[in-house]
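Take a look at the structure set out below.
The values are calculated or read from the model by the stated rules, or taken from the named source; none is laboratory data. Since this is a predicted model, take the numbers as computed values, not measurements. Cβ: placed from backbone, ideal geometry, glycine included. Neighbour counts: every protein chain shown.
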Amino acid sequence: MIGQGVADGNQLKLSIERMAYGPEGIAHTSEGKTVFVTGGVPGDVVLAKVTSDGPSFSRATVTEIVEASEHRVAAACPYAEACGGCPWASFSREAQLAAKRDNVVSSLVRIGRFDKMAADELVAPCEDPGDAWGYRNKVELAFARINGRATVGMHDRSGSGVVRVDKCPLLDKRNSKLVKAVSGALSYLSGSQELGLERIGIRASRRTRDVEVALWTKTGPFPRAQVAKVLGDATKASSVVRVWTKGPSKARRVSGVERLSGKGYWEERIADGTMALSAPSFFQVNTAGAERLVQLVLDGLSLTEDDEVMDLYCGAGTFTVPLAKRAGFVSAVEAYGPAVKDLRRNLERAGLDNVDAVGGDAGREFPDTDADAIVVDPPRAGLAEDVIRQLCEQPARAIAYVSCDPATLARDLARFREHGVFEPVSITPVDLFPQTFHVETVTLLSRRGK
């Protein structure tokens, strides 16, 4: 059945061959046309309704499982078919790990123009750092008014609607009731007044027991005391904050953070320290997975107390703090204002005075120093070309590149190869996001000739 498709009106009979880097499986019609199929896993034979038909590929949604794959499992989340949070929930854990590694290899070959055999040798098996469910320390809820009524829940699969849920099985089990508690409290509060809610963040640590509820709202009047009391009673949160945003809808930016009750920040223990994070600051949603990333970076760089290290796109200090505890000096650069403030607070709390924490764009604020080792952890867009050029002018023996997107990683590794200074010697995928297609990677680049 693989590679065959039989048209029946707007229905196709398809065999799912592999997973895309996305929520969909990939199949082909009998004529060879690619079809991206929502709801299928590799090995399934399905009937699928075509939802869009373009000149080079089509999209379809499964209407019937004709023959279930050996890799198909029952989803542990009752909302998996409607919610967009766990699109691979029906795909077995072992098969997820294999598919994520395959997607990294595929990106290296298709985008980075690596030889297939060389890519296979570079990429290690995908590591599984912890729980398949209940691993998240953070979930985000969406807010909408439907027929005049306030609705709080998860984004649906289309990303345009809201699904009301009682719990999220991806969130740590000890805090599974938080979603319902927050949703109920905000629905109650929004029933009598306009809060200007845009989204809601819940952070919950199983290690520190901290819980923070962050309300992302437009600027303007706000019933601070009432919101703090209702949410505090419902969740027993250690922190409730309001994040002010402004600007056009597609380019909203944070203009301030207001503490409504509690500490005004969230704490998490990672590696051998504790980090304090304000609501806008990025932190990996999988703490055990983040620890594994840190360990891979430290092991790969083999730091000594005499080393000078560069940490670009450093955020609130996930890598900076452990680097500073092992190296002689760290130059850390971060563009996002709230994260820079958190970084400086975390360095002070850790008693570290061997870090130059700089706020600004990595390309414009590139440290004027000669690094022995470098860490880069850029956003999904990857490294700018001028940053790669500046990195290649450094005398460093090694670079650890932490990436959340195989496509931009492959593009950037090809650019490094063009400069001819650093070459990748290992790529380790780490599954920080079970039940989804996302994968984190740690790539170690070594100086040629070393």
Apart from one, (1) within 19 Å of the chain's Cα centre (by Cα); (2) in a loop (DSSP other than H, G, I, E, B); (3) small (Gly, Ala, Ser) all hold for GLY289; the odd one out is (2)
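Here is a yes/no grid of residues against (1) free of Cβ contacts under 8 Å to residues at least 24 places away in the same chain; (2) within 15 Å of SER92 (Cα to Cα); (3) β-branched (Val, Ile, Thr):
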| site | (1), (2), (3) |
| --- | --- |
| ASN10 | no, no, no |
| SER30 | no, no, no |
| VAL35 | no, no, yes |
| VAL41 | no, yes, yes |
| PRO55 | yes, no, no |
In the set GLU393, GLU385, the lone residue that is in contact with a Lys or Arg (Cβ under 8 Å, 6 or more places away or on another chain) and at pLDDT 95 or above is GLU385
Scanning the range 257-277 for residues that are modelled with pLDDT of 90 or more and at positive phi, the one surrounded by the fewest Cβ atoms within 10 Å (Cβ to Cβ) turns out to be GLY264
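State all residues of the range 220-251 that are among the small types (Gly, Ala, Ser) and within 25 Å of the chain's Cα centre (by Cα); if no residue qualifies, say none.
If the condition is that a residue be among the small types (Gly, Ala, Ser) and within 25 Å of the chain's Cα centre (by Cα), then ALA237, SER238, SER239, GLY247, SER249, ALA251 are the ones that fit.
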message: Given the criteria surrounded by 14 or more Cβ atoms within 10 Å (Cβ to Cβ), in the same structural domain as GLU24 (by TED's automatic domain parsing) and on the phi < 0 side of the Ramachandran plot, does ALA60 qualify?
response: yes
Among (1) touching a Phe, Trp or Tyr at 6+ places or on another chain (Cβ under 7 Å); (2) of a type in the set (D, E, K, R); (3) part of a loop (DSSP other than H, G, I, E, B), ARG203 falls short only on (3)
In the range 85-111, residues that are under 19 Å from the mean Cα position of the chain (by Cα) and part of a loop (DSSP other than H, G, I, E, B) total 5
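Would a scan of the range 341-360 turn up a residue that is among the aliphatic types (A, V, I, L, M), in a loop (DSSP other than H, G, I, E, B) and more than 21 Å from ARG110 (Cβ to Cβ)?
Yes, some residue in the range 341-360 is among the aliphatic types (A, V, I, L, M), in a loop (DSSP other than H, G, I, E, B) and more than 21 Å from ARG110 (Cβ to Cβ).
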Here the residues within the range 399-410 that are surrounded by fewer than 20 Cβ atoms within 10 Å (Cβ to Cβ) and either modelled with pLDDT under 95 or farther than 24 Å from ARG157 by Cβ (or both) are THR408
Among (1) touching a helix residue (DSSP H, G or I) at 6+ places or on another chain (Cβ under 8 Å); (2) farther than 27 Å from ALA335 by Cβ; (3) at pLDDT below 95, VAL254 falls short only on (2)
- request: Tell me, yes or no, whether the range 219-232 has at least one residue that is part of a strand (DSSP E or B), at pLDDT 95 or above and buried (at least 20 other Cβ atoms within 10 Å of the Cβ).
  value: no
Apart from one, (1) among the acidic types (Asp, Glu); (2) surrounded by fewer than 18 Cβ atoms within 10 Å (Cβ to Cβ); (3) under 22 Å from the mean Cα position of the chain (by Cα) all hold for ASP115; the odd one out is (3)
- Task: Return yes or no: is GLU423 part of a strand (DSSP E or B) and among the acidic types (Asp, Glu)?
- Result: yes
Note: among LEU445, LEU432, just one is outside any loop (DSSP other than H, G, I, E, B) and crowded, with 21+ Cβ neighbours inside 10 Å, namely LEU445
